[in-house]
Amino acid sequence: MATEKPLLALEGITVVSLEHAIAAPLATRHLADLGARVIKVERPGSGDFARAYDDRVEGLASHFVWVNRSKESLTLDLKQPEATDILMTLLADADVLVQNLAPGAAARMGLSFEALAPTHPQLIVCDISGYGEGGPYTHKKAYDLLIQSEAGFLSITGTPDEPVKAGISIADIAAGMYAYTNILGALIERGKTGRGRRIEIAMIDAMVEWMNFPMYYAYQGQEPPRRTGASHATIYPYGPFRAGDGRTVMLGLQNEREWALFCDKVLGDAAIASDERFSSNARRTANRELVRALIEDTFADLTADEVMARLDGADIANANVSTMADLWKHPQLEVRQRWTQVDTPAGPVPALQPPGMGGDHPARMGPVPALGEHTTAILHELGYADSAADLRERKVV
């Protein structure tokens, strides 16, 4: 008996996206994972510039493969009026418009919520930018690293001697995820009111939201968290420690009960827990170099595997310091069957089910599109069958 395919939450929803890089494509890929039809509008000839970031995935760009599965690629030269007419025809039946063009570009093309709402009252318009509208930074260029810096992230990340950026595009990812969740909320709201609305997502808003803990920690001029490398700035011991075989073990303690267990079961000296210098998290943080020396003196006679076994035996949280090669074969991902595959213009590649999906309720895992792969089909669908070849010849599409 065939198993009935599970219904995905956004089946029947159409999303049109004027997108590039990471923030908007990540948001719309998550919508596609849930079954939405996502039509990605790209520039003829070159497309989303993220297509050319690198060629690490069978000749395709790693970022692009990650955030663009399950989409349709439609090429339109929006500097030409006929292309704008095609886009407006497409929007007539769309549910969501997403754009992360340069500030003001969408509005100049008549694609602002205010311009569209009178004739598209059901349309949800999500605008993603670096700094949002209003204020002195509205037209300032905004890339991920620049937002990490402007939002204060670099001031608390790195070593005492040098600030360090995150190894992934966290400002873009934060903005993309807030766009995704706000669009879901707007769809629920539209189900109650029958009306679309505008969503404005600024990368700086998303990143500063994530900075709220260090901001409150430094409330009213108090000292902000220090840059402490891979160690936690305000909880100790919580970070990397070297074992006798040269490998690093990551461990973390959250409370005094765990500290007492750690001293007794891992360090082998219960009395350390009550030493006045180490008897609270604040004191351990202030004396972190002394604590580190105690820990690494014990670990020096153990391999990393032996350290982790001892930590597990004491129910102390710990982790490997995984490499990218480790992640591809991580046993937890394999046993839980998190891996599947997606098709690409270069052939199938492995892909992870998105969080919360998989098993009996898998995500939609459609192909990564070639540039303009769906242009002809969409033109036919919109009633441009007779002129599709001419439009292509004149590079309108």
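The values are calculated or read from the model by the stated rules, or taken from the named source; none is laboratory data. The model shown is predicted, which means the values in this text are computed figures rather than measured ones. A quick note on method: Cβ atoms are made from the backbone with ideal geometry, for glycine too, and the neighbour counts reach across all protein chains shown.
A few remarks follow.
- Helices (runs of 4 or more DSSP H) wholly inside region 28-140 that include at least 1 residues being among the hydroxyl-bearing types (Ser, Thr, Tyr), assigned by TED's automatic domain parsing to the domain that holds Ile204 and over 24 Å from Arg392 (Cβ atoms): 62-67
- Taken together, the residues in region 357-380 that are more than 19 Å from Leu78 (Cβ to Cβ) and not in a loop (DSSP other than H, G, I, E, B) amount to 4.
- Selection of region 342-382 for residues being closer than 19 Å to Thr28 by Cβ, among the β-branched types (Val, Ile, Thr) and either surrounded by fewer than 19 Cβ atoms within 10 Å (Cβ to Cβ) or free of Cβ contacts under 8 Å to residues at least 40 places away in the same chain (or both) yields only Val342.
- Breaking point among (1) closer than 30 Å to Ala27 by Cα; (2) buried (at least 16 other Cβ atoms within 10 Å of the Cβ); (3) not β-branched (Val, Ile, Thr), for Lys192: (2)
- Spans of helices (runs of 4 or more DSSP H) in region 230-334 with at least 2 residues free of Cβ contacts under 8 Å to residues at least 60 places away in the same chain and farther than 27 Å from Glu162 by Cβ: 256-261, 288-299, 304-313
- Subset of region 240-267 (residues that are in contact with a Lys or Arg (Cβ under 9 Å, 6 or more places away or on another chain) and not polar (S, T, N, Q)): Phe241, Val249, Leu253, Trp259, Lys265, Val266
- Screening the candidates Leu145, Leu187, Leu154 for the property of being among the hydrophobic types (A, V, I, L, M, F, W, C), under 15 Å from the mean Cα position of the chain (by Cα) and not in a strand (DSSP E or B) yields one hit, Leu145.
- Residue check, Ala166 over 16 Å from Leu10 (Cα atoms) and without any contact (Cβ under 8 Å) to a residue 40 or more places away in the chain: yes
- Those residues of region 342-397 which are within 30 Å of Lys329 (Cβ to Cβ), at pLDDT 95 or above and acidic (Asp, Glu), in sequence order: Asp343
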